[in-house]
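Please read the structure below before turning to the comments.
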Amino acid sequence: MNELLFDAFHPRFGAYFTLEQKLITDGFNSVQFKPADESFSGLAEAPARLIDNVGDPIKLKEIRTILRQEYGLQPRLTKRIKPGCLNLQFNHDAEFYGLGKGEADPYKQATLDCAVQNFTLQQYLENGKNQLFKTLQEGHIKFDISQRQLSIFDWERLHLGRDWYFAIAEKPEEELIFHFLAISPGGGLTFSTLTRDLFNQPFHELMAGVFTGANSWKVKNTDGVIFDGQGNINVIEQTDLRTYPDLREVHHYIMDGVGLDGVALPCMELKEFVRQFIADHGETEQVVEIWRFLSEQDEAAAINVIEVKQRLMGRSKQHILFAKLFKGRFGYWLKHPFKNAEQASRSFASLVDIHTVDTGEGLLFWANKDMGKSKGHFATSNVVRRLKGWGNSQLLFNRLLDTLAVDFVRVDAPSVIPFPFKLLREYQRMASRPEGGIDFGEFDFEA
């Protein structure tokens, strides 16, 4: 079974890979993820600024048009960043500047009071609108952090009623450092950093126990800890498990219509198909060559489909459309469908889901990666994580599901852990000094 997937691409791959697949059915649940129709409505009233460090008026006009038409943003064109604003900074790649001693670095970074998101001319030239979409996503998160208020996600609709707390840990040296985020029922954000000292040592030791148990190294496998404000504490930890698609189903699906050996179709039907394609979509040199070849054959003959395939070379849009319509008409692919990024993404959209398995010792969960949106390749695997209660705490997964089913952490795919942890990681990068806005006396460890 393990070689089926690899044989779909190249037969010899099966000699190099070995996978053991276990099918889980008991306690298995799935939630289909549907990418949001993201309008960035939370940024509609944000004071946005576009800082131009490139000086290309044509590209600048394109970018401003896209931001206005696609996202309703009309950023002020300027040369300076400003606290309290969403600052989109348009630069060249770092190598372009070749900074000497005393020269200013154009890559100004975000701080807790100033949201800055850098993007480059080279990124825009390569990715176009997709780059601006990702730039706005990252900038939107930084803007919410700087404003200490969620607008990228409607937290109020969760109806939680209390502050929820999210914590991560880092161990730069010998002592653990904890970073906390409190989210109020209305979406207000409060950050704090906890280091060990004489005054907070008892609480610091409790947190260390939640994160690591008896093993001080185990913090590396703990993604974060969640407090619901009612005494329930949940820990998210990585396991050594990985998931793969059902290899048999994938194999049969992608190989359907790919094998052409011995397949022959009536010449008259092929000619009619090519004639109609030229009439509807225009001609290319290779499509004309296919027509010429068919015109030289006996109309009553059966034509080997490989003869047509060999004359349709390259990956132009016209030829991909020809292959797609050919598959719809005759049931065979002239071009492998999964060498086309758009087709691969569309075909595997249903696999981008959130899945859980209740093991009785915590809840295993994973969020599938987007199967090849940009490169037409399969994701290698998905990391399986475990959500477990600390002490007698209840599992909070159902309350957290909406925080996974968002598309602003990963494009067109759900977040692998609740998105507040993304805010915490950004807080780490943006904070020049630790914040201390949370009263740790509110935490209850008696669950």
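Please treat every number below as a calculation from the coordinates, not as lab data. Computed from a predicted structure; not experimentally measured. Neighbour counts are summed over all protein chains in view; Cβ atoms, including those assigned to glycine, are modelled from backbone coordinates with ideal geometry.
Results, tabulated for the structure shown:
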| read-out | value |
| --- | --- |
| Net length gained if the chain between THR239 and GLN318 were fully extended (0.36 nm per residue, minus Cα distance) | 23.8 nm |
| Potential lengthening between GLU361 and ALA301 on full extension [0.36 nm per residue; Cα-Cα distance subtracted] | 15.0 nm |
| Rounded Å value of the spacing that divides the Cα centres of the stretch 259-298 and the stretch 135-214 | 62 |
| Inter-label distance, nm, simple model (7 Å from Cα along the C-beta direction), ASP280/GLN394 | 5.6 |
| Amide H contacts of ALA48 (H built 1.01 Å from N, under 5 Å, at least 5 apart or other chain) | ARG76, LEU86 |
| Cβ-Cβ FRET estimate between ARG425 and ILE58, R0 fixed at 35 Å, reported to 0.05 | 0.45 |
| Full-extension gain in nm, LEU198 to GLN230, via 0.36 nm per residue minus C-alpha separation | 8.8 nm |
| Members of LYS134/LYS324; LYS108/LYS134; LYS61/LYS317; LYS79/LYS422; LYS82/LYS129; LYS134/LYS317 lying beyond 23 Å, as alpha-carbon distances in this model show | LYS134/LYS324; LYS61/LYS317; LYS79/LYS422; LYS82/LYS129; LYS134/LYS317 |
| Per-q log10 I(q)/I(0), the stretch 259-335, q = 0.16, 0.18, 0.24 Å⁻¹ (Debye; single scatterer per alpha-carbon; no solvent) | -0.50, -0.65, -1.24 |
| Distance between modelled label sites at VAL263 and LEU160, nm, 7 Å Cα→Cβ extension | 5.2 |
| LYS134-VAL383 FRET efficiency (beta carbon distance; Förster radius 25 Å; 0.05 resolution) | 0.70 |
| In Hz, Karplus ³J(HN,Hα) per residue of the stretch 234-242 (6.51, -1.76, 1.60; θ = phi - 60°; x = Gly, Pro) | 10, 10, 9, 10, 7, 10, 9, 8, 9 |
